[in-house]
Amino acid sequence: MQAILGAIQGGAGGADLGALPIPEHYRAAFVRRDETDMFEGLASADKDPSKSLHVDDVPTPELAPDEAYVAVMASSINFNTVWTSIFEPLPTFGFLDRFGRESEWAARHALPYHVVGSDAAGVVLRVGSAVRNWRPGDRVTVHCNHVDDQDPTAHDDSMLAANQRIWGFETNFGGLADLTVVKANQLMPKPTHLSWEEAAVNALCNSTSYRMLVGTHGARMKQGDTVLVWGASGGLGGYAVQYVLNGGGTPIGVVSSPAKAELLHELGVEAVIDRAAEDFRFWSDATTQDESEWRRFGKRVRELVGDDPDIVFEHPGRQTMGASIFVCKRGGTVVTCAATSGYMVEFDNRHFWMKLKRLIASHFANYAEAYAANRLIDQGRIHPVLSAVHPLTEVGVAARLVHRNAHEGKIGVLCLAPGEGLGIDDPDKRERVGEDRITLFRRLG
Ligand SMILES: NC(=O)c1ccc[n+]([C@@H]2O[C@H](COP(=O)([O-])OP(=O)(O)OC[C@H]3O[C@@H](n4cnc5c(N)ncnc54)[C@H](OP(=O)(O)O)[C@@H]3O)[C@@H](O)[C@H]2O)c1
């Protein structure tokens with residue numbers, strides 16, 4: 001991989017890069033099948049990803065005709081790597097085994113180790129014989145929607161495909177590595193004004209937020225809408241509030257510290273609720289929700305923006321869903337893609353049906369949506385929310401920070417890139433877009 005890195009840094013062309021041998025092994029971050037019970041008996045919060053995530057060499061898989069090898073310059077920590085590394089709610093080896101039974105090529109994925117990671121920015125090294133649109137030397141970002149396009153269910157909205165998977169979570173050979181194997185239909189052009197690590201952190205969270213708020217399958221935000229965004233300085237929320245601002249809406253950002261509130265103000269979000277400082281407790285005990293707290297929360301939203309939210313951008317799950325359904329405007333929409341604090345959600349159905357609200361389920365994004373979201377980054381209309389950078393050797397420490405909610409925005413991971421700030425192809429464009437806007441989370445996070 002060092003020869004490949006040297007060639008990339010030396011500006012080698014596609015033909016030269018394509019002629020370099022693909023190494024038989026590469027460095028990767030992975031969990032081990034024989035360690036899936038290592039945290040048995042511990043509470044979730046005490047499970048430490050730095051104990052289960054290993055960084056070592058793994059064999060390079062063979063390339064299928066519809067795939068590409070990508071030299072990964074940088075990647076990022078997503079919450080799904082936290083789930084994999086604490087083996088919750090299930091060890092991800094079950095996903096790999098089920099996938100492995102699908103076809104001869106899929107069988108490569110069922111291994112004693114799972115290489116994790118669902119984001120990457122890097123350089124295409126080789127493409128399979130069926131790949132048309134990409135070639136060695138292309139500088140790319142990778143989105144994580146892994147779909148078999150021979151399945152008819154994949155051809156309306158590929159997120160409805162029967163065999164839709166998230167790369168690096170439900171498949172092996174993820175992006176937290178020096179090399180990855182991806183389907184050609186996961187590739188997108190790298191935004192030219194960003195460094196490797198800035199380009200690497202966007203695809204998963206930015207595309208998810210785009211589908212939830214902007215795309216035709218989500219809440220379809222309109223100009224003037226008020227949008228309540230939970231975790232508004234986190235991975236998803238940091239992009240969601242930018243979409244609301246760009247789309248002529250009013251975001252109400254919920255966070256849990258004064259520093260996060262300040263970050264949102266700098267981003268242009270005026271209405272911010274610090275849920276910790278204002279001590280909202282939607283549950284009075286493990287099984288009982290407190291409606292008076294929903295009402296206090298709703299009152300606070302009205303004080304800030306003079307209205308109930310047209311859209312609630314929901315992902316914390318059990319802790320907040322009751323409040324989200326309650327505060328959502330009559331006829332409004334709650335859009336959800338996750339349940340960080342628990343899957344078994346409860347809400348008072350009277351507040352839902354009597355006020356004709358809608359609940360929309362959303363999951364990542366199809367290729368068209370991910371491409372549109374990537375284009376907005378490339379146009380400098382949506383900015384990376386990169387707040388910290390770690391080398392691949394510290395992947396466990398970085399995942400632990402995300403698990404403990406001790407981060408803002410996204411944490412980038414340097415894979416082949418030997419340092420920060422490399423890979424910017426168009427410095428003039430960077431200047432036009434504005435260094436301050438691109439690096440806001442890095443400076444204040
Ligand atoms: N379905 C999909 O395609 C998809 C895609 C991306 C992510 N996800 C999932 O979405 C969730 C969030 O992902 P992310 O990348 O945004 O994670 P993140 O960077 O950790 O941000 C989540 C934010 O949620 C807030 N939060 C956490 N616990 C909360 C609670 N009990 N009540 C209220 N707010 C809470 C925190 O903000 P404050 O503490 O500041 O309030 C935190 O910043 C994860 O579960 C992830 O797996 C799903």
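The values are calculated or read from the model by the stated rules, or taken from the named source; none is laboratory data. Everything quoted here is computed from the prediction, not taken from an experiment. Cβ atoms come from the backbone with ideal geometry, glycine included; neighbour counts cover every protein chain shown. Keep in mind that these areas ignore ligands, DNA and RNA; they rest on the heavy atoms of the full protein, side chains included. Shrake-Rupley method; radii C 1.70, N 1.55, O 1.52, S 1.80 Å.
From His351, His407, which residue is touching a helix residue (DSSP H, G or I) at 6+ places or on another chain (Cβ under 6 Å) and at pLDDT below 95? Walk me through it before giving the result.
Values: His351 fails: at pLDDT below 95.
Every option except His407 fails the conditions.
Give, as residue ranges, the helices (runs of 4 or more DSSP H) completely inside the range 317-414 that count at least 2 residues that are closer than 30 Å to Ser195 by Cα and not hydrophobic (A, V, I, L, M, F, W, C).
Details: elements: 321-327, 349-353, 367-378, 395-403.
Per the criteria, 367-378, 395-403.
Determine which member of the set Gly317, Gly331 is under 25 Å from the mean Cα position of the chain (by Cα), on the phi > 0 side of the Ramachandran plot and in contact (Cβ under 8 Å) with a residue 12 or more places away in the chain.
On the way: Gly331 fails: under 25 Å from the mean Cα position of the chain (by Cα).
Exactly one residue qualifies, and that residue is Gly317.
Quick one: Tyr239 ticks every box in (1) open to solvent by less than 10 Å² (accessible area, probe 1.4 Å); (2) in contact with a Leu (Cβ under 8 Å, 6 or more places away or on another chain) except a single one, so which number is it?
(2)
So in the range 138-156, with the set limited to residues that are outside any loop (DSSP other than H, G, I, E, B) and modelled with pLDDT of 95 or more, which one is farthest from the ligand (Cβ to nearest atom)? Full working, then the answer.
Quick first cut of the range 138-156, residues outside any loop (DSSP other than H, G, I, E, B) only: 139-142, 145-146, 152-155.
With the extra rule that they be modelled with pLDDT of 95 or more, the set shrinks to 139-142, 145-146.
On the way: Arg139: 24, Val140: 20, Thr141: 16, Val142: 15, Asn145: 9, His146: 13 Å.
Residue satisfying both the conditions and the ranking: Arg139.
Residues checked against (1) away from the ligand (no atom under 11 Å from the Cβ); (2) closer than 24 Å to Leu376 by Cα:
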position: Ala219; (1), (2): yes, yes
position: Gly234; (1), (2): no, yes
position: Tyr239; (1), (2): no, yes
position: Gln242; (1), (2): yes, yes
position: Gly248; (1), (2): yes, yes
position: Leu263; (1), (2): no, yes
position: Ala271; (1), (2): yes, no
position: Asp279; (1), (2): yes, no
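Which members of the range 92-109 meet the condition of being outside any helix (DSSP H, G or I) and either within 16 Å of the ligand (Cβ to nearest atom) or open to solvent by less than 10 Å² (accessible area, probe 1.4 Å) (or both)? Working first, answer last.
Within the range 92-109, the first condition is being outside any helix (DSSP H, G or I), and the residues that meet it are 92, 101-105.
Across the range 92-109, the qualifying residue is only Thr92.
How many residues does the range 354-368 hold that are out of contact with any helix residue (DSSP H, G or I) (no Cβ under 7 Å at 6 or more places or on another chain) and on the phi < 0 side of the Ramachandran plot? Can you show your working first?
Initially, the range 354-368 is screened for residues out of contact with any helix residue (DSSP H, G or I) (no Cβ under 7 Å at 6 or more places or on another chain), giving 354-356, 358-361, 368.
Still in the list and also on the phi < 0 side of the Ramachandran plot: 354-355, 358-361, 368.
Looking only at that region, the number is 7.
Quick one: Ile325 ticks every box in (1) within 14 Å of the ligand (Cβ to nearest atom); (2) surrounded by 21 or more Cβ atoms within 10 Å (Cβ to Cβ) bar one, so which box is it?
(1)
Checking Pro384 against (1) surrounded by fewer than 24 Cβ atoms within 10 Å (Cβ to Cβ); (2) under 14 Å from the mean Cα position of the chain (by Cα): exactly one of these is not met. Which one?
For Pro384, the exception is condition (1).
Determine which member of the set Gly248, Gly224, Gly238 is under 21 Å from Gly445 (Cα atoms) and modelled with pLDDT of 95 or more.
Working: Gly248 fails: under 21 Å from Gly445 (Cα atoms); Gly224 fails: under 21 Å from Gly445 (Cα atoms).
Answer to the selection: Gly238.
Got at least one residue in the range 13-30 being farther than 18 Å from Pro112 by Cβ and within 27 Å of the chain's Cα centre (by Cα)?
no
Can you pull out the residues in the range 132-146 that are of a type outside the set (S, T, N, Q), over 22 Å from Ile8 (Cα atoms) and open to solvent by less than 10 Å² (accessible area, probe 1.4 Å)?
Cys144
Would you say Thr180 is away from the ligand (no atom under 15 Å from the Cβ) and touching a Ser or Thr at 6+ places or on another chain (Cβ under 7 Å)?
Numbers: away from the ligand (no atom under 15 Å from the Cβ): yes; touching a Ser or Thr at 6+ places or on another chain (Cβ under 7 Å): no.
So Thr180 fails the test.
List every residue pair whose Cβ atoms sit under 8 Å apart, with the two residues 6 or more apart in sequence or on different chains, where the first one lies in the range 69-93 and is at positive phi and the second, anywhere, is outside any strand (DSSP E or B) and among the hydroxyl-bearing types (Ser, Thr, Tyr).
Going by the 8 Å Cβ cut-off, the qualifying pairs are Phe87/Thr36; Phe87/Ser52.
Any residue that is farther than 30 Å from Pro384 by Cα and in contact with a helix residue (DSSP H, G or I) (Cβ under 7 Å, 6 or more places away or on another chain) - is there at least one of those in the range 117-126? Outline the logic, then answer.
At the first step, the residues of the range 117-126 found to be farther than 30 Å from Pro384 by Cα are none.
Checking the range 117-126: not a single residue is farther than 30 Å from Pro384 by Cα and in contact with a helix residue (DSSP H, G or I) (Cβ under 7 Å, 6 or more places away or on another chain).
In the set Ala154, Ala184, which member is over 18 Å from Val70 (Cβ atoms), surrounded by fewer than 24 Cβ atoms within 10 Å (Cβ to Cβ) and touching an Asp or Glu at 6+ places or on another chain (Cβ under 9 Å)?
Being over 18 Å from Val70 (Cβ atoms), surrounded by fewer than 24 Cβ atoms within 10 Å (Cβ to Cβ) and touching an Asp or Glu at 6+ places or on another chain (Cβ under 9 Å) holds for just one of Ala154, Ala184, which is Ala154.
Any idea which of Leu194, Leu213 is open to solvent by less than 10 Å² (accessible area, probe 1.4 Å) and under 25 Å from Ala3 (Cα atoms)? Steps first, please.
Details: Leu213 fails: under 25 Å from Ala3 (Cα atoms).
When all the criteria are applied, what remains is Leu194.
Hey, could you check the range 221-232 for residues that are open to solvent by less than 10 Å² (accessible area, probe 1.4 Å) and near the ligand (Cβ under 9 Å from one of its atoms) and say which is nearest to Gly268 (Cα to Cα)?
This residue is Ala232.
Could we say that Ala184 is over 14 Å from the mean Cα position of the chain (by Cα) and small (Gly, Ala, Ser) here? Before the answer, list the steps.
Details: over 14 Å from the mean Cα position of the chain (by Cα): yes; small (Gly, Ala, Ser): yes.
Answer is yes for this residue.
What is the residue count in the range 341-381 for residues that are under 27 Å from Val413 (Cβ atoms) and either within 16 Å of the chain's Cα centre (by Cα) or buried (at least 17 other Cβ atoms within 10 Å of the Cβ) (or both)?
From the range 341-381, those under 27 Å from Val413 (Cβ atoms) are 341, 362-367, 369-381; that's our starting set.
This time we only want the ones that are either within 16 Å of the chain's Cα centre (by Cα) or buried (at least 17 other Cβ atoms within 10 Å of the Cβ) (or both), so: 362-367, 369-374, 376-378, 380.
Adding up the residues that qualify gives 16.
If you go through the range 243-259 one residue at a time, how many are surrounded by fewer than 24 Cβ atoms within 10 Å (Cβ to Cβ) and either among the basic types (Lys, Arg) or under 21 Å from Arg220 (Cβ atoms) (or both)? Can you show your working first?
Applying the first criterion (surrounded by fewer than 24 Cβ atoms within 10 Å (Cβ to Cβ)) to the range 243-259 yields 245-250, 256-259.
The next check asks that each one be either among the basic types (Lys, Arg) or under 21 Å from Arg220 (Cβ atoms) (or both); those that pass are 245-250.
Within the range 243-259, residues that are surrounded by fewer than 24 Cβ atoms within 10 Å (Cβ to Cβ) and either among the basic types (Lys, Arg) or under 21 Å from Arg220 (Cβ atoms) (or both) number 6.
Of the numbered conditions (1) within 16 Å of the ligand (Cβ to nearest atom); (2) on the phi < 0 side of the Ramachandran plot, Gly409 satisfies every one except a single condition; which is it?
Failed condition: (2).
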